[in-house]
Every structure is written in structure tokens, then in C-alpha cells.
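Here the structure comes first, spelled out in C-alpha cells, and everything after it is commentary.
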């Protein structure tokens, strides 16, 4: 009996890598008068700051370490800025 070899399509594999990388993306979002840094899928914030500037500084470090993207939101949740690291 011959066994079949499973071939992984490069296209499927690439999309899986993009999805896994997207899980590491950082978002700076408003949170009850303060600013939080969190991954888009996370229920809890990674860290909360009193100013957006502090949150952005922290989120940039995390995004650079994880080679991911940083999304900075306005108070109305619209994306203000997007950076790749």
C-alpha cells in the first residue's frame, strides 16, 4: 500500500504566517479616560497609561520586539496611524 504525501501549498502557508503575525499587532486605544495598549484579540489590555504619548512609546517598543504592526486609534476608535516594524 502506497502512502500519499501531503503537500503544503506555499499560498496557504503564507496566509497562515500573515495571520499569526497579525495576532501580535499592537493597538493603542482609549479606555475610560486613559489609554491602553492591547493586541486586537485580547480581552484585557497589556498595559494602561494616563496619556496617549506614553502608551504609544510603550507600544512602539513591543511592536519592534515582535516585528509587528502598531495601530494608533483616535478617541472615537478610528485608526489615526499605522506603522510596521
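Computed from the coordinates by the stated procedures, all read-outs in this text should not be read as laboratory data. In this text the structure is predicted, and so the values were computed from the model without any measurement. Because the Cβ atoms are built from the backbone with ideal geometry, glycine has one as well, and the counts that use them run over all protein chains shown.
Using Cβ counts within 10 Å as a stand-in for footprinting exposure, how do 73, 67, 27 rank, fewest first?
Ascending Cβ contact count within 10 Å gives the list 67, 73, 27.
Once label points are set 7 Å from the Cα along Cα→Cβ at both residue 80 and residue 66, what is their separation, rounded to one decimal in nm?
For residue 80 paired with residue 66, the spin-label model returns 2.0 nm.
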